[in-house]
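Input: a single structure, listed below in structure tokens.
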Amino acid sequence: MRKVTETDLPGVGIRFDLQTDAGRCVGVVAHQTGRRDLVVYDERDIDRACESVQLSEDEGHTLGELLGGSPVLEHLDDAVHRLEDLVISWVAIAAESTIAGLTLAEAALRTRTGAGVVALVSESGSIPIPAGAERLEAGNTAVVVGVPSAVKAATRLLGRPAD
Amino acid sequence: MHAGGDLLIIELGALVLALAVVARLARRIGLPALPLYLLAGLALGEGGIVELDASEDFIEVGAEIGVILMLLMLGLEFSVRELIDNVRRSTLAGVADFGLNFPPGFVAGLILGFDPVVAVLLGGVTYISSSGIVAKLVADLDRIGNHETSVILSVLVIEDLAMVLYLPIVSGVLFGGSVLSTTATVAISLAAVVGVLGIAYVLGDRLSAIALSQSSEALLLTLLGGTLLVAGLAGQLNISTAVGAFVVGVALSGDIVSHARGLLLPMRNLFAAVFFVFFGLQVDLSRMPSVAVAALAIAAVTVVTKLASGWIGAARAGIGKPGRLRAGAALIAHGEFSIVIAELGIARESDLGALAAAYVIILTLVGAVLYQFADSITLPSRRRRRVLGLGG
């Protein structure tokens, strides 16, 4: 998540600010009444709200969803989802991988890295919660869950060997 | 109905209708209506164009209710916790605001030969900005999202809290006798304020739940009755009715707040107008010329000191120069509290009324205009960028 600055507005609510890489600043004023203001700040005077759009609670939710507020859709492009301190990653099984072709039981990925495979995805379909007898076929995709370091280790094992 | 009663109704009708015209006018020219109600009061009062007689008693009671409703609704915006957090966060801005804006009034009072207690009152008049008028200006100009707005609101909250201590102290001093009995009165009233705030903190939720009712009629009567009772008792204890009403508002929390706001807003608007008119009515217009110079001078000084205190507070919050200017300009408007304070001293110093009325009108109009056009004021270091900005 990006760093969001939070400022109390006594008697009104809370203001959240986000600075974009391009140097713009956008904000949301969360009123105690449930009303939300979407604020765009001036490029020349970054403290001035040059545009402020009032949204009802419902409209705010809708806009949030459109902007990708729901955690499942958030980072689909890089195939990594963060849920608090858990990471889900889609890893393509490389032919060069030392564990390609092995069954899940043989690969013992969970024991070696701490990360578990929750699904195997192939062109013919996907196997959710695969049993130990399922094979890690090269070219297919393994959906790996764990803390970031564990997922990283599993990705290294499944992907091309680090050179 | 007897003839006197009819006359009262006729006068009231004409007065409220006149205020309606003022409110429409204010809206058209983009100025806050409250100082214009005060102006209307001046015109209708002693030595004014028309003198109101029959309705004056009623208006006086209405004005009292106006203060109580304004402060109740102000208190509703905050909880005790929020107030404490805010003071902790913005102590410096609050101290700078007091240090810059109390002395001008106090010193002016001494120069004008008022007695020291009245000079302290005049210091209070110049110190306190109008939460009501400023908050409305910010909302009307769509500047709630601006970064400096948090600074403006914090300073206003600290000022309102300062009033919770200031008003009991000055009323104690004004109405106390000997030094000893005055000290005792002040101590008792401060203890009462702290005690009530403590009760509000501990029992606020429960009291709010008891007061809450499905029937909006029952809720309105409960709120109004409870607040008037507490405010009246506070007045009796020299704590000031305004502080009493504010504390009731702070104590209420939860679901009741949004209901209360909706129910009280139209009443507040009516009686706040009556409050400003009444203060204008009390002022003897013939005193105006003799206080005009002093009022202008104090106003000129405090425009600068308020600009400075907003500037300092905003700079500390890391806000750029245009934002600092807006914060300063926003704080210039004075209103309800300045008048509540001035009213305390009218009996001691009759000129204080005329002086405060002129001061509030000048500052509020100047403040509203400055805040509105703060962005078109060219600041030295930004000149080039601004000029370029106009083209785009």
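Where a number appears in this text, it was derived from the coordinates with a stated rule and is not lab data. Here the structure is a predicted model, which means the values were calculated and not measured. Here Cβ is always computed from backbone atoms with ideal geometry, including for glycine, and neighbour counts include all displayed protein chains.
For B:A191 and A:D21, what is the calculated FRET efficiency with R₀ set at 41 Å and r taken between the beta-carbons, to the nearest 0.05? Once the sixth-power term is evaluated, E becomes 0.15.
When exposed loop sites are taken as GluC sites (Glu not before Pro) in a DSSP loop with at most 15 other Cβ atoms within 10 Å, the longest stretch of chain B clear of them is B:52-392.
B:A139 versus A:T62, label points 7 Å from Cα toward the beta carbon: distance in nm? Result for the modelled spin labels: 2.5 nm.
For segment B:145-191 versus segment B:320-371, the spacing of their alpha-carbon centroids is 17 Å.
Helix A:148-158 and the longest principal axis of the C-alpha atoms of chain A enclose an angle of approximately 40°. The equivalent ellipsoid that matches the C-alpha gyration tensor of the protein assembly as shown spans semi-axes of 60, 27, 22 angstrom, in descending order.
Computed from the C-beta positions of B:V202 and B:S181 and an R0 of 22 Å, the FRET efficiency is 0.10 to the nearest 0.05.
Dividing the alpha-carbon radius of gyration of chain B by 2.2 N^0.38 Å (N being the number of residues), what value is obtained?
Computed over Cα atoms of chain B, the ratio equals 0.98.
Label-to-label distance for B:S290 and B:R27 is 4.1 nm, based on points extended 7 Å past Cα in the beta-carbon direction.
Among the DSSP helices (H) of chain B, those spanning at least 20 angstrom by Cα along their long axis with an average Kyte-Doolittle hydropathy of 1.6 or more are B:56-76, B:149-175, B:179-211, B:351-373; this is a geometric and hydropathy rule only. By the count of neighbouring beta-carbon atoms within 10 Å, fewest first, B:K306, A:K3 end up ordered A:K3, B:K306. Across A:L63, A:L136, A:L120, mean-square fluctuation computed from a Gaussian network of chain A (C-alpha pairs under 10 Å connected) peaks at A:L63. Would you please give the FRET efficiency between B:L233 and B:R81, computed as 1/(1 + (r/R0)^6) with r the Cβ-Cβ distance and R0 = 25 Å, to the nearest 0.05? Calculated value: 0.50. Rank B:I312, B:I339, B:I128 by mean-square fluctuation in a GNM of chain B with C-alpha springs under 10 angstrom and give only the top-ranked residue. Checking each option, the largest mean-square fluctuation is seen for B:I312.
So how do B:T182, A:T98 line up by other beta-carbon neighbours within 10 Å, fewest first? Spell out each step's value before the answer.
Values: B:T182 17, A:T98 11.
So the residues, fewest neighbours to most, are A:T98, B:T182.
Quick check on the exposure proxy: order A:D58, B:D142, B:D115 from fewest to most C-beta atoms within 10 angstrom. Write down the numbers at each step before the final one.
Details: A:D58 10, B:D142 16, B:D115 13.
Result, fewest neighbours first: A:D58, B:D115, B:D142.
Helices in chain B, meaning DSSP H runs of at least 4 residues, each add -39500 (n - 2.57). Divided by all residues, the mean residue ellipticity at 222 nm is -27000 deg cm²/dmol. Extension gain for the segment B:R348 to B:D57, taken as residue separation times 0.36 nm less the Cα-Cα distance, is 102.6 nm to one decimal. For chain B, a Gaussian network of Cα nodes joined below 10 Å ranks B:V277, B:V202, B:V151 by mean-square fluctuation, and the top entry is B:V202. In terms of overall dimensions, segment B:161-271 has a Cα radius of gyration and Dmax of 15.4, 51 angstrom. Taking 1.567 mPa s as the viscosity and 4 °C as the temperature, the Stokes-Einstein diffusion coefficient of segment B:314-375 based on its alpha-carbon Kirkwood radius rounds to 100 µm²/s.
Convert 37 °C to kelvin, take the viscosity as 0.692 mPa s, use the Kirkwood radius over C-alpha pairs of segment A:4-66 as Rh, and evaluate the Stokes-Einstein diffusion coefficient in µm²/s, rounded to a whole number. Before the final figure, lay out each step's value.
Numbers: Rh = 12.1 Å.
Once the numbers are plugged in, D ends up at 272 µm²/s.
Counting partner chain Cβ atoms within 10 Å of every residue's Cβ in B:320-326, what's the average?
Working: counts 5, 2, 6, 4, 1, 0, 3.
Mean inter-chain Cβ contacts per residue within 10 Å come to 3.
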